[in-house]
1. Considering only residues that are open to solvent by 60 Å² or more (accessible area, probe 1.4 Å) and assigned to a strand (DSSP E or B), which ones fall in segment 88-115?
2. All but one of (1) in contact (Cβ under 8 Å) with a residue 60 or more places away in the chain; (2) not in a strand (DSSP E or B) hold for residue 152; which doesn't?
3. Exactly one of (1) modelled with pLDDT of 95 or more; (2) in contact with a Pro (Cβ under 8 Å, 6 or more places away or on another chain) is unmet by residue 177. Its number?
4. Can you work out which of the residues in segment 204-241 that are in contact with a Lys or Arg (Cβ under 6 Å, 6 or more places away or on another chain) and at pLDDT 95 or above is most open to solvent (accessible area, probe 1.4 Å)?
5. Specify the residue that is least open to solvent (accessible area, probe 1.4 Å); the eligible residues are those in segment 44-76 that are hydroxyl-bearing (Ser, Thr, Tyr) and part of a strand (DSSP E or B).
6. Suppose we filter 8, 34 for residues that are over 24 Å from residue 151 (Cβ atoms), in contact with a Gly (Cβ under 8 Å, 6 or more places away or on another chain) and either part of a loop (DSSP other than H, G, I, E, B) or modelled with pLDDT of 50 or more (or both); which single one remains?
7. Could we say that residue 143 is out of contact with any helix residue (DSSP H, G or I) (no Cβ under 9 Å at 6 or more places or on another chain) and either surrounded by fewer than 21 Cβ atoms within 10 Å (Cβ to Cβ) or under 17 Å from residue 76 (Cα atoms) (or both) here?
8. Restricting the search to segment 121-130, which residues are in contact (Cβ under 8 Å) with a residue 40 or more places away in the chain and either crowded, with 16+ Cβ neighbours inside 10 Å or of a type in the set (Lys, Arg) (or both)?
Amino acid sequence: MDWRPLAVATLLLLTGCSGFTAGERTPTVTPAPVPEQPTGAAGIPGLTNDSIADPEALALAHRDLLANRSYTLGIQWRGGNRGRVTELAVESERRYRYRSERTTGGYSDRTFVDGPVRYSRARRPLGVQFSRAQSVPAHDRFGHVTGRLLESYLPVGSARINPHPGGYEIVAGRAPAGFYRTEEYAVRAVVTPPGFVRSFAVGYRDAAQNTTVSYRFRYTRVDETTVDRPGWVRDQWPNASVETADATTPSAYDNG
């Protein structure tokens, strides 16, 4: 898979300036004040007009808003020459599909949950292993993932909180206090009331490790996601539609 590091961009704010000259016999003309572009974060927990005051409050509101709804989530991580791509498609708490792939080593994981049963497919250097187990609701298993990213990367204090279609854009260029020897830090998030973070991107250079790190996630098809049974489930368990979670013994590795 072709991974490209997250572009670390600097947001340029264009500010208008006006002036006048006054001659000795020329009346002074004072221009009318230009209204400032409205900013603020009304209705967003943890945000003020110019800061991320409480990242934990924002993360908690975001997690709560994910429960009992459908969505598709894509996450990408890159650290030096390593990387991972993850996709989660949730139709309901007991019907969802998950996949995760590393960019090196040939590791991948697939999961499909249908009611009480979780079907899994894991590719490893030894081959592919299939297994079944009791399912866990989507929110219990994955609801914390993006919230933890917000808690880790948004404690930056002051930030630009700009109007954005349907909500606000958060932009900051200073790393959290606990980050050691971090350079070129840039974080951006788009959040809609009452606290749902639709997209997030952070990138920085870890000077201690001499590597570039990036994380980003994005939610799409919110309240519109449906999940079909994957082909690998139909092939491995032809009678999956009538199975229950009682027979959950994993199979041995094969060469599939």
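The values are calculated or read from the model by the stated rules, or taken from the named source; none is laboratory data. This one's a predicted model, so the numbers in the text were calculated from it and none came from an experiment. Please note: Cβ atoms are built from the backbone with ideal geometry, for glycine as well, and neighbour counts cover all protein chains shown. Just the protein is used for accessible areas: all its heavy atoms, side chains included, with ligands, DNA and RNA removed. Shrake-Rupley method; radii C 1.70, N 1.55, O 1.52, S 1.80 Å.
1. Listed by number, the residues that qualify are 91, 97, 99, 102.
2. In the conditions (1) in contact (Cβ under 8 Å) with a residue 60 or more places away in the chain; (2) not in a strand (DSSP E or B), residue 152 misses (1) alone.
3. Failing condition for residue 177: (1).
4. Out of the qualifying residues, it is 223.
5. If we take residues in segment 44-76 being hydroxyl-bearing (Ser, Thr, Tyr) and part of a strand (DSSP E or B), then 71 is least open to solvent (accessible area, probe 1.4 Å).
6. Of 8, 34, the one residue that is over 24 Å from residue 151 (Cβ atoms), in contact with a Gly (Cβ under 8 Å, 6 or more places away or on another chain) and either part of a loop (DSSP other than H, G, I, E, B) or modelled with pLDDT of 50 or more (or both) is 34.
7. no
8. 121, 124, 128, 129, 130 - these are the residues of segment 121-130 that are in contact (Cβ under 8 Å) with a residue 40 or more places away in the chain and either crowded, with 16+ Cβ neighbours inside 10 Å or of a type in the set (Lys, Arg) (or both).
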